[in-house]
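Heads up: the structure comes next, in structure tokens.
The values are calculated or read from the model by the stated rules, or taken from the named source; none is laboratory data. Since we're looking at a predicted model, the values are computed, not measured. As a convention, Cβ positions derive from the backbone with ideal geometry for all residues, glycine included, and neighbour counts pool all protein chains shown.
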């Protein structure tokens with residue numbers, strides 16, 4: 001009886017205030033709170049950029065060029081994140097740049113998702129010569145240097161937002177083909193698909209009703225993870241001068257414009273680079289969480 005009383009007394013502190021941070025940690029670990037908050041701020045900023053941005057993102061003020069952020073000596077509350085090399089407000093350009101990044105990445109991802117998933121479904125379902133042709137096309141595409149192909153496309157068709165969307169769609173489709181094809185090869189051997197075939201279901205019905213729901217989770221996870229890569233690709237192309245044309249506010253273009261001022265005005269490049277980092281990391285964390293939640297083999301209790 002004495003030992004039992006001792007056990008109760010030893011357990012008593014563990015159920016006190018220490019359980020509060022423990023439960024908070026478990027809640028944050030189980031649900032992607034921080035990535036969702038970051039992405040929500042990004043989406044709201046992109047939607048209401050005209051209202052939230054304190055200044056015109058393309059308005060120049062040479063008097064304020066290379067102005068520091070508010071927390072550095074010489075900074076003012078008028079320009080919280082400072083000014084770039086021609087006096088434009090960096091915070092306003094970052095807010096409007098989120099709209100460009102999300103729009104370009106979203107259109108490119110949607111196009112790549114449709115093309116890649118369609119080819120993956122057809123290759124996995126029909127097999128044979130169709131599977132061989134699609135697989136060889138994907139292998140050839142992965143063997144090509146993408147940046148070189150993107151630069152050639154921009155040189156041929158000109159630098160514009162539309163051209164960049166096409167380039168990003170070219171970058172996104174291949175990842176869907178391989179994963180969707182692998183899922184279809186497994187699903188088409190299931191009993192419920194065989195029963196649907198015996199019942200006389202047409203090929204389009206079997207693909208859309210019986211196969212497509214089974215690969216939807218995989219497509220959602222790949223899409224979430226791909227958005228971060230597309231934003232990085234857009235930033236890279238803009239940095240190389242093959243993406244969004246100036247003076248349109250784009251994160252990659254802002255990093256490129258501040259590369260000559262890293263010593264004297266580092267905030268011109270670091271601030272948009274930080275926005276890229278937070279966005280891509282949040283998307284990657286959200287994609288990992290979706291993969292753990294949607295994949296029965298990885299689902300956590």
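Before moving on, here are some points about what is shown:
- Test result for residue 142, under 20 Å from residue 183 (Cβ atoms), assigned to a helix (DSSP H, G or I) and without any contact (Cβ under 8 Å) to a residue 24 or more places away in the chain: no
- Exactly one residue out of 279, 248 is assigned to a loop (DSSP other than H, G, I, E, B) and within 27 Å of residue 43 (Cβ to Cβ): that is 248.
- Residue 186 being under 15 Å from residue 123 (Cβ atoms), without any contact (Cβ under 8 Å) to a residue 24 or more places away in the chain and out of contact with any helix residue (DSSP H, G or I) (no Cβ under 6 Å at 6 or more places or on another chain): yes
- Here residue 211 does not qualify as out of contact with any helix residue (DSSP H, G or I) (no Cβ under 8 Å at 6 or more places or on another chain) and either more than 30 Å from residue 152 (Cα to Cα) or at pLDDT 85 or above (or both).
- Of the residues 44, 91, 122, the single one that is in a helix (DSSP H, G or I), over 30 Å from residue 160 (Cα atoms) and modelled with pLDDT of 85 or more is 122.
- Odd one out for residue 128, checked against (1) at pLDDT 90 or above; (2) over 30 Å from residue 253 (Cβ atoms): (1)
- Restricting attention to the range 212-251, the residues that are more than 21 Å from residue 169 (Cβ to Cβ) and crowded, with 21+ Cβ neighbours inside 10 Å total 1.
- Within the set 263, 268, the sole residue that is in a helix (DSSP H, G or I), modelled with pLDDT of 85 or more and either more than 20 Å from the chain's Cα centre (by Cα) or over 21 Å from residue 40 (Cβ atoms) (or both) turns out to be 268.
- Being within 21 Å of residue 211 (Cα to Cα) and either touching a residue at least 40 places away in the same chain (Cβ under 8 Å) or part of a helix (DSSP H, G or I) (or both) is true of residue 129.
- Residue in the range 190-206 that is within 28 Å of residue 49 (Cα to Cα), exposed (fewer than 14 other Cβ atoms within 10 Å of the Cβ) and in contact (Cβ under 8 Å) with a residue 40 or more places away in the chain present: no
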